[in-house]
Amino acid sequence: MAKRDYYEVLGVEKGASLDDIKKGYRKLAIKYHPDRNPGDKEAEEKFKEATEAYEVLSDDQKRPIYDQYGFAGLDGMGAGGGAGGYSHAYSDFSDIFGSGFGDIFENLFGGGGRSRSGYGRSNEPGQGASLRYDLEIDFKDAVYGTKAEVRFSHEVACSSCNGSGCAPGGSRKTCSYCNGMGQIGRSAGFFTVQQPCPTCSGTGKTIDKPCKNCRGTGIEQKSSRVTLTIPAGVDEGKRIVIPHQGNAGRNGGPSGDLIVVVHIKDHKFFERDDYDLYCAVPVSISQAALGATITIKSLDDRSIDVKVPAGTQNGKILRIKGEGINSANGRKGDLYIKLMVQVPTKLTPAQKKILESYLAEEKPSDSPDLIPLSNLSR
């Protein structure tokens with residue numbers, strides 16, 4: 001199946017900002033994440049497609065290459081690999097270009113150096129790929145902190161052969177085809193191109209009796225779960241790193257990490273800005289004109305008394321000090337309340353009579369002057 005344009009996948013224009021790209025990806029990741037769509041192959045493919053698009057368009061090196069050369073520019077450098085086939089998490093793809101173009105040209109001209117996996121030569125130990133998990137939590141949990149269970153799938157050392165790839169009685173031997181180098185040279189015109197050895201798949205070793213469980217790879221898939229402590233006041237997009245819970249390393253190398261990215265649901269009544277909270281509260285015309293004390297519910301369901309000054313105008317903002325979010329360094333934010341003066345749409349005869357008397361007493365001008373925009377509350 002032909003690939004779709006990455007910008008089309010994320011629903012953004014070609015010149016979209018990084019924030020727009022993140023928003024487009026977040027929307028798709030939450031919608032199609034395998035945890036929300038168990039057994040849905042179509043959703044899983046859409047999740048992989050969106051992840052691949054995001055990993056390219058959010059990268060300062062890959063995006064201009066894609067913009068100029070399209071998929072061809074990325075394919076020639078091992079990019080655009082998708083989500084790695086993970087059912088609950090996906091590769092961080094930080095190693096798609098290795099340490100830069102220099103490594104690619106070194107391999108092209110037979111200079112050795114790092115392989116595209118980023119492990120150095122493919123028969124050397126290398127750290128496993130890190131995985132990413134998108135976790136969505138409630139607004140209130142983000143403010144006060146919570147615990148969350150994360151379930152994911154990752155590659156681990158085979159339980160049958162302890163990662164050796166060998167069945168009982170088997171052994172790993174130096175590959176005779178590449179002499180243990182893991183790479184072979186192929187003539188390409190004036191140059192020699194280094195490629196993974198087809199006999200040992202680039203490991204530099206062959207196995208006489210492969211493990212039946214992992215087919216000689218030394219790796220198997222495992223479903224795991226961890227419980228995270230989400231700190232109070234966590235921000236949108238916060239990355240929580242769980243060491244060594246990513247994919248198993250190659251040739252005895254260390255495992256990668258699990259990177260949990262926190263996303264916060266919107267609240268019906270509250271918004272936040274850094275450590276401050278914002279909400280809106282209705283007040284009647286009489287409360288605004290004469291002043292009053294009203295009681296509102298805080299985010300944690302406590303009752304807070306708020307004094308409405310006499311003569312309050314619509315849109316006036318009151319500040320309640322210390323009723324915001326507690327930060328990790330001990331600072332407390334504030335609560336800002338926007339007062340919305342409610343004009344009644346239905347009046348009783350008695351109310352109407354009172355307002356008519358007030359209107360006669362007030363005698364407002366039939367030709368009022370305009371109010372300078374600078375005087376308006378924004």
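The values are calculated or read from the model by the stated rules, or taken from the named source; none is laboratory data. A quick note: this is a predicted structure, and the numbers were derived from the prediction, not measured. Note that each Cβ is placed from the backbone with ideal geometry, even for glycine, and that neighbours are counted across all protein chains shown. SASA here: full protein model, heavy atoms, side chains in, ligands and nucleic acids out. Shrake-Rupley method; radii C 1.70, N 1.55, O 1.52, S 1.80 Å.
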remark   = Picking from 332, 321, 338, the residue that is modelled with pLDDT under 90, of a type outside the set (S, T, N, Q) and in contact with a Lys or Arg (Cβ under 9 Å, 6 or more places away or on another chain) would be 332
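Hey, among the residues in segment 259-313 that are assigned to a loop (DSSP other than H, G, I, E, B) and aliphatic (A, V, I, L, M), which one's most open to solvent (accessible area, probe 1.4 Å)? Reasoning before the result, please.
Keep residues of segment 259-313 that are assigned to a loop (DSSP other than H, G, I, E, B), which gives 265-270, 274-275, 291, 298-302, 309-313.
Next, only the ones that are aliphatic (A, V, I, L, M) stay: 299, 310.
Working: 299: 12, 310: 70 Å².
In this case the residue turns out to be 310.
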inquiry  = Can you tell me which condition residue 151 does not meet? The list is (1) at pLDDT 90 or above; (2) more than 18 Å from residue 240 (Cα to Cα); (3) open to solvent by 30 Å² or more (accessible area, probe 1.4 Å), and all the others hold.
reply    = (2)
message = Given the criteria at pLDDT below 90, assigned to a loop (DSSP other than H, G, I, E, B) and out of contact with any strand residue (DSSP E or B) (no Cβ under 7 Å at 6 or more places or on another chain), does residue 163 qualify?
response = no
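Regarding residue 52, is this residue in a helix (DSSP H, G or I), of a type in the set (D, E, K, R) and without any contact (Cβ under 8 Å) to a residue 12 or more places away in the chain?
Values: in a helix (DSSP H, G or I): yes; of a type in the set (D, E, K, R): yes; without any contact (Cβ under 8 Å) to a residue 12 or more places away in the chain: no.
Spelling it out, it is not the case that residue 52 is in a helix (DSSP H, G or I), of a type in the set (D, E, K, R) and without any contact (Cβ under 8 Å) to a residue 12 or more places away in the chain.
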ask   = Does residue 351 count as in contact with a Pro (Cβ under 9 Å, 6 or more places away or on another chain) and farther than 14 Å from residue 280 by Cα?
value = yes
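Given the criterion without any contact (Cβ under 8 Å) to a residue 60 or more places away in the chain and not acidic (Asp, Glu), identify the matching residue among 185, 180.
Details: 185 fails: without any contact (Cβ under 8 Å) to a residue 60 or more places away in the chain.
The conditions single out 180.
A quick yes/no check of all residues on (1) more than 28 Å from residue 301 (Cβ to Cβ); (2) within 20 Å of the chain's Cα centre (by Cα); (3) polar (S, T, N, Q); (4) at pLDDT below 90:
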position	(1), (2), (3), (4)
236	no, yes, no, no
241	yes, yes, no, no
247	yes, yes, yes, no
253	yes, no, no, yes
266	no, yes, no, no
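Just to be sure I understand, how many residues within segment 55-77 are open to solvent by 30 Å² or more (accessible area, probe 1.4 Å), in a helix (DSSP H, G or I), of a type in the set (D, E, K, R) and closer than 21 Å to residue 28 by Cβ?
We begin by selecting, within segment 55-77, every residue open to solvent by 30 Å² or more (accessible area, probe 1.4 Å); these are 58-61, 63-64, 67-69, 71-72, 75-77.
Filter once more, so that each one left must be in a helix (DSSP H, G or I): 63-64, 67-69, 71-72, 75.
From what's left, of a type in the set (D, E, K, R): 63, 67, 75.
Applying the additional criterion that residues be closer than 21 Å to residue 28 by Cβ yields 63, 67.
Of the residues in that region, 2 qualify.
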request  = Please give the strands (runs of 3 or more DSSP E) falling wholly within segment 167-231 in which 3 or more residues are open to solvent by less than 90 Å² (accessible area, probe 1.4 Å) and at pLDDT 90 or above.
outcome  = 219-230
request  = Output the qualifying pairs, or none if there are none: Cβ atoms under 9 angstrom, residues six or more apart or on different chains, first residue in segment 209-225 and touching a residue at least 60 places away in the same chain (Cβ under 8 Å) and within 10 Å of residue 166 (Cα to Cα), second residue of a type outside the set (A, V, I, L, M, F, W, C) and open to solvent by 70 Å² or more (accessible area, probe 1.4 Å).
outcome  = 218/162; 218/250
query = Among all residue pairs at least 6 apart or on different chains, which show Cβ distances below 6 Å where the first residue, located in segment 264-278, is hydroxyl-bearing (Ser, Thr, Tyr) and the second is open to solvent by less than 90 Å² (accessible area, probe 1.4 Å)?
reply = 275/324; 275/325; 275/327; 275/333; 278/336
message = Scan segment 36-48 and tell me whether some residue there is open to solvent by less than 70 Å² (accessible area, probe 1.4 Å) and more than 20 Å from residue 131 (Cα to Cα).
response = yes
query = Which of (1) surrounded by fewer than 15 Cβ atoms within 10 Å (Cβ to Cβ); (2) assigned to a loop (DSSP other than H, G, I, E, B); (3) touching an Asp or Glu at 6+ places or on another chain (Cβ under 9 Å) is the odd one out, the single condition residue 241 does not satisfy?
reply = (2)
query = Can you name the residue in segment 342-366 that is basic (Lys, Arg) and assigned to a helix (DSSP H, G or I) and is also most open to solvent (accessible area, probe 1.4 Å) among such residues?
reply = 353
